[in-house]
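Chemist: So that we are looking at the same thing, I have put the structure below in structure tokens.
Readers should treat all values here as calculations from the given coordinates under stated rules, not as data from a laboratory. Values in this document were obtained by computation on a predicted structure and should not be read as measured data. FYI the Cβ positions are ideal-geometry reconstructions off the backbone, even for glycines, and counts take in every protein chain you see.
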Amino acid sequence: MGTVTIGVSIAVPEPHGSLLQERRAGFGDAAAHGIPTHITLLPPTEVDGGQLPAIEAHLAEVAATGRPFAMRLSGTGTFRPLSPVVFVQVVEGAEACTWLQKQVRDASGPVARELQFPYHPHVTVAHGIAEEAMDRAFAELADYEAAWPCTGFALYEQGADGIWRRLRDFCFPGPTVPPQSPRRGAGRANSTP
């Protein structure tokens, strides 16, 4: 079957996902329409296509040990000058994302890998574009807010055309957790077993 490039992420649901994707394209990021708006759990990783069933089984096990949690985005941040990225910050749900990505990349699993940078959950809104456009993204989305109950994550594959497509969803068991207001429970995660 050959090598495929996969990623694992939490999709930012509608209407937030499309809005941030359109804003990213508006800042001049040519990759925007090929990348669904997301929070990465496993960055782009090349694997043998024959490994996909084992990877899906592993991700199903990870999802089975997780629980729905409140996710909230607020304001912007940047990795500059280390990396040319402007992002919307994850201000609630970050601990749960960190726990999940560790489980996905578990050393005994089929997608064990080291990261180039320490894990920092975020939603990219500008990457590798002109500095002025990065500054604009940082300023224009500084007041951005969104919240939703995170009920799972998905496996994606990057096509030869560079577009990322969802292969399969993995849902957490248990009841949905409503988003919390900033005053109550900010920063708490409910995903650890």
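Chemist: Kindly establish whether A96 is aliphatic (A, V, I, L, M) and in a loop (DSSP other than H, G, I, E, B).
Modeler: no
Chemist: Looking only at strands (runs of 3 or more DSSP E) that fall completely inside the range 108-171, which ones have 2 or more residues that are small (G, A, S)?
Modeler: It comes to 145-150, 152-158.
Chemist: While we're looking at this one, here's another question. Spot the failing condition for R105; the list is (1) at positive phi; (2) in contact with an Asp or Glu (Cβ under 9 Å, 6 or more places away or on another chain), and only one is missed.
Modeler: Tallying (1) at positive phi; (2) in contact with an Asp or Glu (Cβ under 9 Å, 6 or more places away or on another chain), R105 fails exactly one: (1).
Chemist: Still on this model: For the range 1-35, enumerate the residues that are under 20 Å from E140 (Cα atoms), in a loop (DSSP other than H, G, I, E, B) and under 14 Å from the mean Cα position of the chain (by Cα).
Modeler: V12
Chemist: Could I ask something else about it? Quick one: P81 ticks every box in (1) surrounded by fewer than 21 Cβ atoms within 10 Å (Cβ to Cβ); (2) within 26 Å of A139 (Cα to Cα); (3) in contact (Cβ under 8 Å) with a residue 40 or more places away in the chain bar one, so which box is it?
Modeler: (3)
Chemist: Scan the range 70-82 and give yes if some residue there is over 24 Å from L167 (Cβ atoms), of a type in the set (A, V, I, L, M, F, W, C) and more than 17 Å from the chain's Cα centre (by Cα), otherwise no.
Modeler: The answer is yes; a qualifying residue exists.
Chemist: Which pairs have Cβ atoms under 8 Å, sit 6 or more apart or on different chains, and link a residue in the range 146-162 that is at positive phi to one that is aliphatic (A, V, I, L, M)?
Modeler: G152/I10; G152/A63; G162/A31
Chemist: Confirm whether R24 is among the charged types (D, E, K, R), surrounded by 15 or more Cβ atoms within 10 Å (Cβ to Cβ), in contact with a helix residue (DSSP H, G or I) (Cβ under 7 Å, 6 or more places away or on another chain) and in contact (Cβ under 8 Å) with a residue 60 or more places away in the chain.
Modeler: yes
Chemist: Still on this structure: Given T40, T5, which one is touching an Asp or Glu at 6+ places or on another chain (Cβ under 7 Å) and either surrounded by 13 or more Cβ atoms within 10 Å (Cβ to Cβ) or closer than 19 Å to V86 by Cβ (or both)?
Modeler: From the options T40, T5, the qualifying one is T5.
Chemist: Give the residues of the range 92-129 that are among the charged types (D, E, K, R) and surrounded by fewer than 19 Cβ atoms within 10 Å (Cβ to Cβ), sorted by residue number.
Modeler: Across the range 92-129, the qualifying residues are E95, K102, D106, R113, E114.
Chemist: How many residues does the range 40-93 hold that are among the polar types (S, T, N, Q), in contact with a Phe, Trp or Tyr (Cβ under 8 Å, 6 or more places away or on another chain) and not in a strand (DSSP E or B)?
Modeler: So the count comes out to 1.
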